[in-house]
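Asks: Quick one: structure below, then a few questions.
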Amino acid sequence: MLGIASVPGQAAPKAKPAAPPAFARCVACHATTSGAAHGVGPNLFGVAGKKAGTRPGYAYSPALQKSGRVWTRAEMIAYIADPAKTVPGTKMINPSVASAADRMAIAQYLEKLK
């Protein structure tokens with residue numbers, strides 16, 4: 001049988017959750033794998049629940065660094081809906097995600113990346 005071999009006493013590696021179709025527009029700029037390099041945008045692995053603009057190794061805009069935001073589901077949804085309105089001066093150039101269902105799916109996906 002093919003599969004991931006387990007080591008006695010160690011948990012099997014967790015499978016990465018599947019990204020929703022709406023996230024396809026995000027992958028051009030953002031990685032979502034633990035330890036992956038930042039791209040045009042920061043790596044989003046483990047971002048949920050963290051303070052915005054604080055991940056090491058990425059050059060965030062001063063506006064995001066000073067925003068004081070924590071990436072809760074509500075904050076992620078608001079930012080995905082309209083980054084420039086949510087954090088004036090952000091360098092994220094993403095066109096808004098118009099669909100509320102798509103914004104929710106993206107936020108829920110980011111919450112699962114741990």
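The values are calculated or read from the model by the stated rules, or taken from the named source; none is laboratory data. Computed from a predicted model, the values in this text were never measured in an experiment. With ideal geometry, Cβ positions are generated from the backbone for all residues, glycine too; neighbour counts draw on all protein chains shown. Ligands, DNA and RNA are excluded from the accessible area calculation, which covers all protein heavy atoms including side chains. Shrake-Rupley method; radii C 1.70, N 1.55, O 1.52, S 1.80 Å.
Asks: In contact with a Leu (Cβ under 8 Å, 6 or more places away or on another chain), open to solvent by less than 60 Å² (accessible area, probe 1.4 Å) and over 17 Å from Lys112 (Cβ atoms): is that true of Ala52 in this structure?
Replies: Answer is yes for this residue.
Asks: Please go through region 63-80 and give me each residue that is within 15 Å of the chain's Cα centre (by Cα) and either crowded, with 17+ Cβ neighbours inside 10 Å or not in a helix (DSSP H, G or I) (or both), ordered by number.
Replies: Leu64, Arg69, Val70, Trp71, Thr72, Glu75, Met76, Ile77, Ala78, Tyr79, Ile80
Asks: Can you tell me which residue in region 38-49 is nearest to Tyr109 (Cα to Cα), limited to those that are without any contact (Cβ under 8 Å) to a residue 40 or more places away in the chain and open to solvent by less than 30 Å² (accessible area, probe 1.4 Å)?
Replies: Ranking the qualifying residues of region 38-49, first place goes to Asn43.
Asks: Does region 19-35 hold any residues that are within 14 Å of Arg55 (Cα to Cα) and open to solvent by less than 40 Å² (accessible area, probe 1.4 Å), and which are they?
Replies: Result: His30, Ala31, Thr32.
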